[in-house]
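Have a look at the structure below, then the notes.
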Amino acid sequence: MRIEVKEDSNPSLARIVIAGEWTGDVNTTKQLLQEVCDKWPKGEKVDCLITCGAFLNFDWPQSLTDVGDNKYPNETALNLLISKAKRQCDLLIDEELRKRLLACTEYITIGIDSYKDKISLSDVSIKELHVELVALIDLKTKQYFWTGKSYPTTGQENGLVRFQDLSTHFLELPFGKVVILGCHDLNIFNPRGKATTKKEWRKKIRENFYNIVKKEMPKIVLHHPHTTDSLKIWTAAWNELVYIAPTVEKYISAGRYFSRDGERSDLNEVLGKTKLGATIDFVVNIEE
């Protein structure tokens, strides 16, 4: 793999953007993080480094056959999945890598999914039980903060083990109030989706998320899509989110730049449309 570093002046956030296929196995993921540390601009340290959805994968626990209603899963099932995901994150970020990362950033987010064959796109049906989590890790204290996708695509309504507690998306950190979004969560703020949503439970999620954003008034948005190959995918949602929360000063998104049918927009245009504020971008070309 080849890593190209794109650095703004005075960056406060960083992201890893993978251009190509990605399996999310722990050994390859660890190698990538080590190479990012090797490539880190000398003298720079940012508040947070973010990764894409399914940056890391773990196997669904064979013992877990009943989660209840996947839209409103039972707490025991969700805790078991988080426990399994944390063990995989601990394997990834061992003590040596933690110290290396801490020289570069105070926090890192890991998009971690239970393994599935398909990517969570709006037109893809995924009926098997699965979960899409995001862990924010304080590299100094080793503390984990967990959230996960709360707003499934229509194709995964009957398979995603959904995060009901919207408050888990919000954190007060030393560098400001942060909101952490899973992949499709950002589309809660897409005006077109708001106008066409028919199902009451979806309307309720939108209403509740709008209310909590207006109450919390975050300063920074960290978004973890699985893929972003077009500059238009998230634009309307970003515009709406910043409109309802004018306190937002920075946002950043780290989806893989990849589509099996071919990318629709220039990479540099995609990078420019998926951030607000100064960043360090580590663009990983898998083919080389």
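The values are calculated or read from the model by the stated rules, or taken from the named source; none is laboratory data. The shown structure was predicted, so the numbers you read here are calculated from the model rather than taken from an experiment. Positions of Cβ are generated from backbone atoms using ideal geometry, with glycine treated the same way; all protein chains shown enter the neighbour counts.
Some notes on this structure:
- Filtering segment 165-219 to residues that are part of a helix (DSSP H, G or I) and crowded, with 22+ Cβ neighbours inside 10 Å leaves 169, 184, 185, 186, 188, 189, 213.
- Look at segment 271-288: where a residue is within 23 Å of residue 9 (Cβ to Cβ) and a partner is in a helix (DSSP H, G or I) and among the aliphatic types (A, V, I, L, M), sitting 6+ places away or on another chain with Cβ atoms under 6 Å, you get 281/271; 282/36.
- Members of segment 257-280 found to be hydroxyl-bearing (Ser, Thr, Tyr) and either part of a helix (DSSP H, G or I) or within 16 Å of residue 224 (Cα to Cα) (or both), listed by number: 257, 274, 279
- Among residues of segment 246-262, those that are free of Cβ contacts under 8 Å to residues at least 60 places away in the same chain, surrounded by 16 or more Cβ atoms within 10 Å (Cβ to Cβ) and over 14 Å from the mean Cα position of the chain (by Cα), counted: 1
- A Cβ distance below 6 Å, combined with a sequence gap of six or more or placement on separate chains, defines the contacts here; from segment 202-221, residues that are closer than 16 Å to residue 191 by Cα reach residues that are modelled with pLDDT of 95 or more and not in a helix (DSSP H, G or I) in the pairs 205/151; 213/245.
- Selection count where residues are part of a loop (DSSP other than H, G, I, E, B) and modelled with pLDDT of 95 or more, scope segment 109-151: 8
- Subset of segment 153-164 [buried (at least 18 other Cβ atoms within 10 Å of the Cβ) and under 21 Å from residue 221 (Cβ atoms)]: 153, 162, 163
- Residues that are in contact with a helix residue (DSSP H, G or I) (Cβ under 8 Å, 6 or more places away or on another chain) and over 20 Å from residue 52 (Cα atoms), drawn from segment 167-189: 167, 177
- Odd one out for residue 64 among (1) in contact (Cβ under 8 Å) with a residue 12 or more places away in the chain; (2) under 19 Å from the mean Cα position of the chain (by Cα): (2)
- Checking each residue in segment 220-243 for being part of a helix (DSSP H, G or I) and either among the acidic types (Asp, Glu) or under 24 Å from residue 135 (Cβ atoms) (or both) picks out 237, 238, 240, 241.
- Single condition residue 45 does not satisfy, out of (1) out of contact with any Asp or Glu (no Cβ under 6 Å at 6 or more places or on another chain); (2) within 28 Å of residue 162 (Cβ to Cβ): (2)
- If you go through segment 181-199 and pick out every residue that is under 13 Å from residue 153 (Cα atoms), among the charged types (D, E, K, R) and out of contact with any strand residue (DSSP E or B) (no Cβ under 9 Å at 6 or more places or on another chain), you end up with 1.
- Residues of segment 60-81 classified as touching a strand residue (DSSP E or B) at 6+ places or on another chain (Cβ under 7 Å) and surrounded by fewer than 16 Cβ atoms within 10 Å (Cβ to Cβ), total: 1
- Residue in segment 186-199 that is polar (S, T, N, Q), touching a residue at least 24 places away in the same chain (Cβ under 8 Å) and within 20 Å of residue 254 (Cα to Cα) present: yes
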